[in-house]
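Here the structure comes first, spelled out in structure tokens, and everything after it is commentary.
The values are calculated or read from the model by the stated rules, or taken from the named source; none is laboratory data. Since the model is a prediction, treat every value here as computed from it, not as a measurement. Every residue, glycine among them, receives a Cβ derived from its backbone with ideal geometry; neighbour counts consider all protein chains shown. Surface accessibility is based on the protein's heavy atoms, side chains included, excluding ligands, DNA and RNA. Shrake-Rupley method; radii C 1.70, N 1.55, O 1.52, S 1.80 Å.
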Amino acid sequence: MEAMAFVTEERKLTQETTYPNTYIFDLFGGVDLLVEILMRPTISIRGQKLKISDEMSKDCLSILYNTCVCTEGVTKRLAEKNDFVIFLFTLMTSKKTFLQTATLIEDILGVKKEMIRLDEVPNLSSLVSNFDQQQLANFCRILAVTISEMDTGNDDKHTLLAKNAQQKKSLSLGPSAAEINQAALLSIPGFVERLCKLATRKVSESTGTASFLQELEEWYTWLDNALVLDALMRVANEESEHNQGASEENGLPHTSTRTQLPQSMKIMHEIMYKLEVLYVLCVLLMGRQRNQVHRMIAEFKLIPGLNNLFDKLIWRKHSASALVLHGHNQNCDCSPDITLKIQFLRLLQSFSDHHENKYLLLNNQELNELSAISLKANIPEVEAVLNTDRSLVCDGKRGLLTRLLQVMKKEPAESSFRFWQARAVESFLRGTTSYADQMFLLKRGLLEHILYCIVDSECKSRDVLQSYFDLLGELMKFNVDAFKRFNKYINTDAKFQVFLKQINSSLVDSNMLVRCVTLSLDRFENQVDMKVAEVLSECRLLAYISQVPTQMSFLFRLINIIHVQTLTQENVSCLNTSLVILMLARRKERLPLYLRLLQRMEHSKKYPGFLLNNFHNLLRFWQQHYLHKDKDSTCLENSSCISFSYWKETVSILLNPDRQSPSALVSYIEEPYMDIDRDFTEE
């Protein structure tokens, strides 16, 4: 009763006085005694050894969970008993105790300082293999904690210095617990296949969307997770059967909410299960065994399965009544519908990112369209398109990528989904630039949609703007047709000024677009083609970027807004964009000119040396960071079409200690202002 009160009322700080029974039970050793009883295979009563029944275990687990809920500190104490936490997994073999055990484990792992190792769980493979689909879906809630790296926070916000230090430490310590746990799960026969089946399982459509949302609204104000739904659903099923039987005896129709509730819960169940399953698949896709997981996900047809669920479940229409978790509001990202959409988009992003399996997001007709685009442009077909197994692609009239584009264009201006949608589509374009991929998206009006959001709706969200600028850069890079479309849409000076204002308002957000336009300009200037010449003469954006003062303004600000101590995965792109500008200047033998102009700009700001010293330190860090990271260097090479050896050479030339070299940074820093030997050690 106290635990029920705790989840249905406002939680108070003075829990000891509010919930005296659980507090006193723990105070006098009740929790420790329950742990002891659970871990004993037998219990002695009057000299007889009796096996502990599932019913007794179930009661013990319920009391433990309720005490954890109501009394502060109990969950943390249980988390410190590693042998007990591991033992709890063995109680999941019984269906009678599964729900109580899973709920307790989830709470304990949520506060445990050190991650448990799944390879220490006795007979893990047998345990998981014997779960039914419903149990496996609930087990994913526990797995979400055990396979995610702890204390990573927001990955983009952690400094690269801290990350590099952590990676060095990790190399000496070996694989992390999360990596070990991922490997343990992937070694279980049929594990990924079962997750794919769960993720793509269809939901009964007998209950209308609007009615089930309305039915659940009142219930859902206090239901915290799928495990609670499981328990309530079982009760509701029993009551439904009982009430229906009574109604039949009386000859009366029974129309209470309870008879409708089980079907409604099944649909909500499916939503909550799927978001847990998609999260686990997403983490595995980003892990060390990425290629193995990719191969299995493709083989078990996860993508076409999700495509079939897109309209009816993943991106179904909302009713006016929005379900929210207890303690949250309607716009909160914690609601199941919103969380499912975001998790789905994150999965697509991870699946498409720098992997040839991204073409599974299309159907056969769309793949044929890509081939036709290449044929018309008289360029070779993309090898990955030719190698795509047509039996594994999406079916139906539209593939998953096209469906995503359709909902993206209909999304309200203030929607939080815009960021994730843009990221998912951008990941499809990442890597080596493909003209056919770009044209496929351009023909569907993506460029005009992006420009409308940036210019006409004057988007204010920094995250959404950054994702749209990144996507626009990938869409336009080296593509003459894209620049023609850009110029057709941005057809007045007023529109162009709004666009520039958005770019200049935050270079951290827009620098990837600046980089793509700069690279495209360089390529176009070296091509002899009437179509290219026409675009060069007409496009406002290319004319703007081609001016040396514009490039110098970007270069100065890009270097000035970052420092070694504040570099993150999010803003390190500013450093690489500044390098792209200087590499292209070096190709034209103008590197000394650009460095001299930077020196003049420093002096005009009355701070001689502050910018070039900072740039010198940034480049030293660049060498440390990139010369030991194969993936990052490959990404730089693929995205810029500049060989990584040229990147390295340019950095070495800039860092040349010879003050007589016209291309060395030190030649432009006066002796009294020299400060280039700072230690990068993370304090």
Which of the residues belonging to region 477-493 are open to solvent by 20 Å² or more (accessible area, probe 1.4 Å) and either under 28 Å from the mean Cα position of the chain (by Cα) or touching a residue at least 60 places away in the same chain (Cβ under 8 Å) (or both)?
-> F478
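Table: residues versus (1) touching a Ser or Thr at 6+ places or on another chain (Cβ under 6 Å); (2) polar (S, T, N, Q); (3) surrounded by fewer than 21 Cβ atoms within 10 Å (Cβ to Cβ); (4) closer than 23 Å to K443 by Cα.
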| position | (1), (2), (3), (4) |
| --- | --- |
| D470 | no, no, no, yes |
| L475 | no, no, no, yes |
| K495 | no, no, yes, yes |
| V498 | no, no, yes, no |
| C516 | no, no, no, yes |
So is R418 free of Cβ contacts under 8 Å to residues at least 60 places away in the same chain and either closer than 22 Å to K477 by Cα or among the acidic types (D, E) (or both) or not?
-> yes
Is it the case that S661 is surrounded by fewer than 17 Cβ atoms within 10 Å (Cβ to Cβ) and in a helix (DSSP H, G or I)?
-> no
Can you confirm whether region 408-421 contains a residue that is over 20 Å from the mean Cα position of the chain (by Cα), at pLDDT below 95 and closer than 21 Å to M439 by Cβ?
-> yes
Confirm whether E589 is modelled with pLDDT of 95 or more and over 24 Å from G473 (Cβ atoms).
-> yes
Restricting attention to region 5-46, and to residues there that are touching a Ser or Thr at 6+ places or on another chain (Cβ under 8 Å), at pLDDT below 85 and open to solvent by 40 Å² or more (accessible area, probe 1.4 Å), which single residue is farthest from T90 (Cα to Cα)?
-> K12
May I ask you to say which residue of A137, A165 is modelled with pLDDT under 90, open to solvent by less than 20 Å² (accessible area, probe 1.4 Å) and aliphatic (A, V, I, L, M)?
-> A137
Of all residues in region 374-395, which are closer than 19 Å to A424 by Cβ and touching a strand residue (DSSP E or B) at 6+ places or on another chain (Cβ under 8 Å)?
-> V393, C394
Output the number of residues of region 596-621 satisfying the condition of being open to solvent by 50 Å² or more (accessible area, probe 1.4 Å), in a helix (DSSP H, G or I) and under 13 Å from E670 (Cα atoms).
-> 4
